[in-house]
Amino acid sequence: MTLSEEATERLADVVELQPTKNAELQDRWGMDSGSEVHQYLENELGDYYFRDDNSLIRATSEAADLVDVEPGIESDPDDEGPPSRIRVPELQSQIVAVLAGPDEESESVVSVLHKLREEFDVDPEAEDVRSGLQSLRRKDVVEVEYRTVPTFRLAVEREDLEVGVSD
């Protein structure tokens, strides 16, 4: 199956963002709905993606070979823990830098937002921080603890995780 230039670029997004959800691809691709993303995946990339046990979108190994993009996560094949390397957007990289460590008390989205403002002089929307935390959670590098509000902390020691920034 030969892919168009657009389909190849979108397949690269799937490889880079995996594991991901329709909503994340919808934002990246500028589509109007998750249904539109699902339709595109089925019609154009059906041979190159699958949904894992948690219904998250992942690229096949053939897809990763087809596009010249590093996967969003890399793990030691002999280790079943969190990944050792991730490639994420800049905001998510900044979140990893400021988020409470595995042995610290988990913190709210608002707490992380304040830390980002202080440390990086940025002013993201709270929803963007929440979305970034959830994306990192899907990559198994952040864990959530439900208290009055969901709170987050790293699931892996900062020094055990290499974080690269994607475009």
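The values are calculated or read from the model by the stated rules, or taken from the named source; none is laboratory data. Since this is a predicted model, take the numbers as computed values, not measurements. All Cβ positions, even for glycine, are placed from backbone atoms using ideal geometry, and neighbour counts span all protein chains on display. The area values use the complete protein model at the heavy-atom level, side chains included, leaving out ligands, DNA and RNA. Shrake-Rupley method; radii C 1.70, N 1.55, O 1.52, S 1.80 Å.
Residue pairs whose Cβ atoms lie under 9 Å apart, separated by 6 or more positions or on different chains, with the first residue in the stretch 1-26 and without any contact (Cβ under 8 Å) to a residue 40 or more places away in the chain and the second aliphatic (A, V, I, L, M) and assigned to a strand (DSSP E or B), are Asn22/Ile57; Leu25/Ile57. For the criterion of being of a type outside the set (Lys, Arg) and under 14 Å from the mean Cα position of the chain (by Cα), Asp140 passes.
Select from the stretch 74-88 the residues that are open to solvent by 40 Å² or more (accessible area, probe 1.4 Å) and either at pLDDT 80 or above or not in a loop (DSSP other than H, G, I, E, B) (or both) and list them in ascending order. Across the stretch 74-88, the qualifying residues are Glu74, Pro82, Ser84, Arg85, Arg87. Is it the case, given these coordinates, that Glu70 is part of a loop (DSSP other than H, G, I, E, B) and in contact (Cβ under 8 Å) with a residue 12 or more places away in the chain? Yes, satisfied. When Val98 is tested against (1) farther than 21 Å from Asp13 by Cβ; (2) open to solvent by 20 Å² or more (accessible area, probe 1.4 Å); (3) not basic (Lys, Arg), only condition (2) is not met.
For the residues Glu80, Glu104, the requirement of being charged (D, E, K, R) and either in the same structural domain as Val149 (by the TED database) or in contact with a His (Cβ under 9 Å, 6 or more places away or on another chain) (or both) singles out Glu104. State whether the residues of the stretch 24-43 include one that is in a strand (DSSP E or B) and outside the structural domain of Asp140 (by the TED database). Among the residues of the stretch 24-43, not one is in a strand (DSSP E or B) and outside the structural domain of Asp140 (by the TED database), which makes the answer no.
Scanning the stretch 101-124 for residues that are open to solvent by 50 Å² or more (accessible area, probe 1.4 Å) and among the hydrophobic types (A, V, I, L, M, F, W, C) turns up Val110, Phe120. Only one of the numbered conditions (1) more than 20 Å from Ala12 (Cβ to Cβ); (2) open to solvent by less than 70 Å² (accessible area, probe 1.4 Å) is violated by Val69, and that is (1).
For the stretch 131-150, the set of residues classified as surrounded by 16 or more Cβ atoms within 10 Å (Cβ to Cβ) and either more than 21 Å from Glu24 (Cα to Cα) or of a type in the set (D, E, K, R) (or both) consists of Arg138, Lys139, Asp140, Glu143, listed by residue number.
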